[in-house]
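The values are calculated or read from the model by the stated rules, or taken from the named source; none is laboratory data. Everything numeric in this text was worked out from a predicted model, so none of it was measured. Reconstructed Cβ throughout: ideal geometry from the backbone, glycine too, with neighbour counts over all protein chains shown.
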């Protein structure tokens, strides 16, 4: 893990949301962004990209977010990388369940693209929680 948040991997199956994530994090936040269309794509790209943080959609067709997180954790370089779930399901028990998978936090859809770069920086700097409820 690097000393500063610079490289963010976004795992999201919806192409429109991927476009918003890229604009927000790259153009507004200044991060280097790697976009992945699903869990399997993330597993292939993570070793070479070496993200500082992963934004991970919960509901995807190829692998769920929790399945992807579990698989990423088997890669030695990914064991300590913070993962923040992105989900439309914001009920307290659902959020708590996601945190139990080992996620650093949860961002609720729809998220604010203007504040997203700062939201993920907060997780990077301060640890666990939820944004957007």
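Assorted remarks:
- Taking (1) in contact with a helix residue (DSSP H, G or I) (Cβ under 9 Å, 6 or more places away or on another chain); (2) surrounded by 14 or more Cβ atoms within 10 Å (Cβ to Cβ) in turn, residue 79 satisfies each apart from (2).
- Any chance residue 71 is at pLDDT 95 or above and over 16 Å from residue 120 (Cβ atoms): yes
- On the stretch given as segment 1-43, residues that are farther than 20 Å from residue 88 by Cα and in a strand (DSSP E or B) total 5.
- Residue that is surrounded by the most Cβ atoms within 10 Å (Cβ to Cβ) [pool: residues in segment 89-113 that are touching a helix residue (DSSP H, G or I) at 6+ places or on another chain (Cβ under 9 Å) and over 16 Å from residue 10 (Cα atoms)]: 98
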